[in-house]
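All remarks here apply to the structure that follows.
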Amino acid sequence: MPIKVFTIRVRHADWAERELNQFVQSHRVLAVDRQWVDQGANSFWAVWVEYVASTGPAPTDAAPLVGKKKIDYKEILSKENFDVYLALRNLRKTLAAEDGVALYAVFTNDHLAQMVERGVKNKSDLEQIAGIGEARLEKYGPRVLEFLNNFRKVTDETGGEPAGTDR
């Protein structure tokens, strides 16, 4: 049987945890073993997953999670907030393309919606959103905060919708 090994560092564990959870949800797992590796500030969990190799198509990053309902943020957010949400999605797409990662690795749709609903203005506001760990804060926080603050500034000055918020 094949195995896959995951390392989950003490710091910045959210990405590795998400990858492990998605793998376990999309494979038939036979056994899991874990070992704590103590290296001070660089300590981590090493997790071995033994699974049944699939004969069907491999799951993709875009595959929906089992039991996860799709949320229509257009219905949930106000028109103004939805416009900001769309602009954030465009920024996320740019950031993901620059780093060659999946969109959810930058921020999830829920993260973006919460940023808008909470009126995030600074790093402290971003830290309050569940699932946004130190790695995302350091890597994407400054650009997202700059973008949000500039977006609001342009919208306030023009009293309307900035360019690039196509629906």
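Shown in residue order for region 30-41 are the 3J(HN,Hα) couplings computed by the Karplus curve 6.51 cos²θ - 1.76 cosθ + 1.60 at θ = phi - 60°: 9, 7, 10, 10, 9, 9, 7, 10, 8, 9, x, 5 Hz (x for Gly and Pro).
Whole-Hz Karplus values for region 139-146 come out as 7, 10, x, x, 5, 5, 5, 4 Hz, taken residue by residue from phi with 6.51 cos²θ - 1.76 cosθ + 1.60 and θ = phi - 60°; glycine and proline positions read x. Taking other C-beta atoms within 10 angstrom as a stand-in for reagent exposure, 129, 3 fall in the order 3, 129, fewest first.
Throughout, read-outs are computed from the coordinates displayed, never taken from laboratory work. Bear in mind the structure is a predicted one, so any value in this text is a computation, not a measurement. All Cβ positions, even for glycine, are placed from backbone atoms using ideal geometry, and neighbour counts span all protein chains on display.
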